[in-house]
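The values are calculated or read from the model by the stated rules, or taken from the named source; none is laboratory data. Because the structure is predicted, anything quoted here is derived from the model rather than measured. No Cβ is skipped: glycine too gets one built from the backbone with ideal geometry, and neighbour counts run over all protein chains shown. Heads up: the accessible areas ignore ligands, DNA and RNA and are worked out on the full protein's heavy atoms, side chains in. Shrake-Rupley method; radii C 1.70, N 1.55, O 1.52, S 1.80 Å.
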Amino acid sequence: MEALVAFDLKRVSDNHARLAELYRRADPDLAISCAHDSALYEKMCAQACN
């Protein structure tokens, strides 16, 4: 779906590569989530507040 609506596919691909690199680093202070996943967002917020 993203490829169908993206304005600049190269930029999308570059962004995915940057996100993948951040994920591979496994930095304990970094949390990566999907902006469309409200359940994950709520879970992460609850964990951050504890």
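So the values come out like this:
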read-out	value
Burial order of peptide ranges 12-18, 2-8 (average beta-carbon count within 10 Å, highest first)	12-18, 2-8
The chain: angle of helix 9-25 to the longest principal axis, Cα-based, in degrees nearest 10	30 degrees
Gain in span if fully extended, Y23 to H36, counting 0.36 nm per residue against the direct Cα distance	2.9 nm
Cα-based helix-to-principal-axis angle, 38-49 vs the chain, degrees rounded to 10	40 degrees
Accessible area of the chain belonging to carbon and sulfur atoms, whole % at 1.4 Å probe	57 percent
Probe 1.4 Å, protein heavy atoms only - accessible area per residue of the chain in square angstrom	96 Å²
